[in-house]
Amino acid sequence: GYGYGYGNPGRSAPREYTQTGAGSGIILSEDGVYYVCDWTLASFGNPLADVAQTYIMFWVINKSYADAELYLDLYCSEAGVDKEKVYEWLPIIAAAMSVRRPEEEKKILLECVNSLDFKNHMKKYYND
């Protein structure tokens with residue numbers, strides 16, 4: 001993971017085990033049931049940070065805003081979480097992710113981090 005699981009922007013929250021490395025290659029589906037089966041990067045932290053990382057992976061790495069929003073809608077619906085709580089994590093996670101991304105993605109992530117409106121700034125680059 002990126003070592004961000006223990007923080008929390010502006011409030012306390014329960015810490016839980018998080019995967020911190022979810023990608024499309026580790027989610028299995030059989031009869032419409034999905035499972036995450038790779039916990040080699042597991043840590044203990046705020047699950048919303050993990051959700052923000054996966055959201056950014058869908059949006060920036062897979063270049064699909066629609067998939068990122070679909071993922072977030074499904075997660076928030078199932079977990080009973082307000083999407084705005086996940087959006088608060090985006091600049092923090094993007095900054096952490098930028099360290100290990102190719103130069104072009106790093107530049108975009110850091111530009112978004114430094115903007116006043118991360119999510120809308122990112123739409124300049126990836127809005128399918």
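The values are calculated or read from the model by the stated rules, or taken from the named source; none is laboratory data. Every value quoted in this text rests on a predicted model; they were computed, and no experiment measured them. Because the Cβ atoms are built from the backbone with ideal geometry, glycine has one as well, and the counts that use them run over all protein chains shown. Side chains included, ligands, DNA and RNA excluded: accessible areas come from the protein's heavy atoms. Shrake-Rupley method; radii C 1.70, N 1.55, O 1.52, S 1.80 Å.
Solvent-accessible area of ASP31, all protein chains in place: 150 Å² (probe radius 1.4 Å, heavy atoms, ligands and nucleic acids excluded).
With every protein chain in place and a 1.4 angstrom probe, the accessible-area ranking of TYR87, TYR71, largest first, reads TYR71, TYR87. Applying 1/(1 + (r/R0)^6) with r as the Cβ-Cβ distance of TYR87 and VAL33 and R0 = 25 angstrom yields a FRET efficiency of 0.35. Per-residue accessible area (protein heavy atoms, 1.4 Å probe) orders PHE118, PHE58 as PHE58, PHE118, starting from the largest. Each residue was assigned an accessible area with a 1.4 Å probe, and for GLU103 the value is about 130 Å². Placing a label point 7 Å from the Cα of ASN114 along the Cα-to-Cβ direction, the residues of the range 80-106 whose backbone N falls under 20 Å of that point are 90-106.
The alpha carbon convex hull volume per residue for the range 47-95 rounds to 58 Å³.
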